[in-house]
Amino acid sequence: QVQLTVELDAVFDVAAFGDKWVSCSGGTKTDAWDSTLGTYASQAINSDAGGMYAEMGGNISSNGSITVGGTGTYIHGDATPGTTSSVTTNGGAIVGGSTAPATKNVVLPPIDLSGVIDGATGNPLPAVVDYSKIAMVGKVTIDPKTHDITIPNGTTATLPAGSYYFSKIKVSGTGKLITTGDVKIYVAHEIDATGGIVNTSGEPPSLKIYGIGNSSITPTDQISISAPNRVYAAVYPPEMAVV
C-alpha cells in the first residue's frame, strides 16, 4: 500500500494520478489523512463496507480512463477520469465519491533538475552521487559508474537527509531502503522494490521520489513497488509507468 500526501504541492493533490490511465485492483484501498495531526493509525477510526479509513479524500484521477476492479477494492474518495473518458467498476469494487469526468485535463509540470544534473554535461552533480553518507549493512552494492544500488535480502541501506541520484534501485526480499529526515530520491530509470522502503518519519512529505525516465522511450523505465509493509512517500514520475 503506497500512501501519498495531499498538501505537498499542486502535483500531489490526489492519492494517485495517471496521465494515460489508472487501474486499481486486487483489494486496492485509498483514503486520506493529515500527517500533521499524528499517525495514520490514530486517524483511521471510520469504517464502512471498505473497512477502516481516516477520511473520504483518497481521490484518484487520470487524463484517460479509470478502471476499479476486484473484491475488496474501495476508493474512499472520487475517481475522476479525463474529460472524454469514464470510470469502469467491476468485481464488486466500490468508488465512494464522484465518478464524473474532469472539466479539463491535467498538465504535468517537468521535474526541476537544476540541482541534480549538470546542464552542460548531462551528468549528475557530485553532491547527489556522494554515497559516503549512506550507512550500509550487509552486501549492499552501489556502482559508482552506473549509479545503480542493489539492496539484497537481509541487508539495509540507510539514507540520511539530503538529495540522491540513482540510475536504478533494486530492493529484494527482506532488504530495506531506509530514510531518515527529509530525503529526495531522483531515479533515472527504474525502481524494483519487492523489499521494504522505510520512511522512519511515517510522513509522506519526508520522502519524495522523482522518476526522471521515460517509459515511452525506454520501456524498462518503471517504478514498481510491491513492498511487504506500507510505504509512506510522495512519488512523481511524469513520464514513467508506476506499478
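Would it be correct to say that Thr99 is in contact with a strand residue (DSSP E or B) (Cβ under 9 Å, 6 or more places away or on another chain), outside any loop (DSSP other than H, G, I, E, B), open to solvent by 60 Å² or more (accessible area, probe 1.4 Å) and closer than 26 Å to Ala15 by Cβ? It would help to see each step written out before you state the result.
On the way: in contact with a strand residue (DSSP E or B) (Cβ under 9 Å, 6 or more places away or on another chain): yes; outside any loop (DSSP other than H, G, I, E, B): no; open to solvent by 60 Å² or more (accessible area, probe 1.4 Å): yes; closer than 26 Å to Ala15 by Cβ: yes.
Considered against the rule, which asks whether it is in contact with a strand residue (DSSP E or B) (Cβ under 9 Å, 6 or more places away or on another chain), outside any loop (DSSP other than H, G, I, E, B), open to solvent by 60 Å² or more (accessible area, probe 1.4 Å) and closer than 26 Å to Ala15 by Cβ, Thr99 comes out as no.
What pairs come up if the first residue lies in region 128-153 and is within 20 Å of Ala227 (Cβ to Cβ) and of a type in the set (D, E, K, R), the second is open to solvent by 30 Å² or more (accessible area, probe 1.4 Å) and in a strand (DSSP E or B), and their beta carbons are under 6 Å apart, counting only those six or more places apart or on different chains?
Once the first residue is within 20 Å of Ala227 (Cβ to Cβ) and of a type in the set (D, E, K, R) and sits in region 128-153, its partners that are open to solvent by 30 Å² or more (accessible area, probe 1.4 Å) and in a strand (DSSP E or B) give Asp148/Lys168.
Here are some residues: Thr194, Thr179. Which one is modelled with pLDDT under 95 and under 16 Å from the mean Cα position of the chain (by Cα)?
Numbers: Thr179 fails: modelled with pLDDT under 95.
That would be Thr194, the only listed residue that is modelled with pLDDT under 95 and under 16 Å from the mean Cα position of the chain (by Cα).
On the basis of being touching a strand residue (DSSP E or B) at 6+ places or on another chain (Cβ under 6 Å) and closer than 23 Å to Val231 by Cα, does Val68 make the cut?
Working: touching a strand residue (DSSP E or B) at 6+ places or on another chain (Cβ under 6 Å): yes; closer than 23 Å to Val231 by Cα: yes.
It is true that Val68 is touching a strand residue (DSSP E or B) at 6+ places or on another chain (Cβ under 6 Å) and closer than 23 Å to Val231 by Cα.
Quick one: which residue in Thr73, Thr84 is modelled with pLDDT of 90 or more, of a type outside the set (Gly, Ala, Ser) and open to solvent by 70 Å² or more (accessible area, probe 1.4 Å)?
Unique residue meeting the criteria: Thr84.
Has region 35-48 got any residue that is within 29 Å of Asn214 (Cα to Cα) and in contact with a strand residue (DSSP E or B) (Cβ under 7 Å, 6 or more places away or on another chain)?
The initial filter retains those residues of region 35-48 that are within 29 Å of Asn214 (Cα to Cα), namely none.
Checked against the condition, which is being within 29 Å of Asn214 (Cα to Cα) and in contact with a strand residue (DSSP E or B) (Cβ under 7 Å, 6 or more places away or on another chain), region 35-48 yields no hits at all.
Specify the residue that is surrounded by the fewest Cβ atoms within 10 Å (Cβ to Cβ); the eligible residues are those in region 182-216 that are under 27 Å from Asn153 (Cβ atoms) and charged (D, E, K, R).
For region 182-216, the residue satisfying everything is Asp192.
If you check Ser23 against the conditions, is it at pLDDT 90 or above and loosely packed, with under 14 Cβ neighbours inside 10 Å?
Values: at pLDDT 90 or above: yes; loosely packed, with under 14 Cβ neighbours inside 10 Å: no.
Here the answer is no, as Ser23 does not meet what is asked.
Confirm whether Asn90 is surrounded by fewer than 16 Cβ atoms within 10 Å (Cβ to Cβ), among the polar types (S, T, N, Q), closer than 30 Å to Ile66 by Cα and over 22 Å from the mean Cα position of the chain (by Cα).
Here the answer is yes, as Asn90 does meet what is asked.
Are any of the residues in region 165-178 of a type in the set (Val, Ile, Thr), open to solvent by less than 40 Å² (accessible area, probe 1.4 Å), assigned to a loop (DSSP other than H, G, I, E, B) and closer than 16 Å to Ile191 by Cα? Steps first, please.
Narrowing region 165-178 to residues of a type in the set (Val, Ile, Thr): 169, 171, 174, 178.
Cutting the leftovers down to open to solvent by less than 40 Å² (accessible area, probe 1.4 Å) gives us 169, 171, 178.
Those left that are additionally assigned to a loop (DSSP other than H, G, I, E, B): none.
Looking for residues that are of a type in the set (Val, Ile, Thr), open to solvent by less than 40 Å² (accessible area, probe 1.4 Å), assigned to a loop (DSSP other than H, G, I, E, B) and closer than 16 Å to Ile191 by Cα, one finds none in region 165-178, hence no.
I want to confirm something. Restricting to region 112-127 and keeping residues that are part of a loop (DSSP other than H, G, I, E, B) and of a type in the set (Val, Ile, Thr), which single residue is most open to solvent (accessible area, probe 1.4 Å)?
Initially, region 112-127 is screened for residues part of a loop (DSSP other than H, G, I, E, B), giving 112-116, 118-123, 125.
Still in the list and also of a type in the set (Val, Ile, Thr): 116, 121.
On the way: Val116: 5, Thr121: 83 Å².
Filtering first and then ranking leaves Thr121.
For region 52-96, how many residues are in contact with a Cys (Cβ under 9 Å, 6 or more places away or on another chain) and outside any loop (DSSP other than H, G, I, E, B)?
Here the count works out to 7.
Which condition number does Pro109 fail, the rest of (1) closer than 29 Å to Val22 by Cα; (2) in a loop (DSSP other than H, G, I, E, B); (3) at pLDDT 95 or above being met?
(3)
The values are calculated or read from the model by the stated rules, or taken from the named source; none is laboratory data. Bear in mind that the values here come from a model prediction, so they are computed numbers and not experimental data. Positions of Cβ are backbone-derived with ideal geometry, glycine not excepted, and every protein chain shown enters the neighbour counts. What goes into the accessible areas is simple: the full protein's heavy atoms, side chains included, and nothing from ligands, DNA or RNA. Shrake-Rupley method; radii C 1.70, N 1.55, O 1.52, S 1.80 Å.
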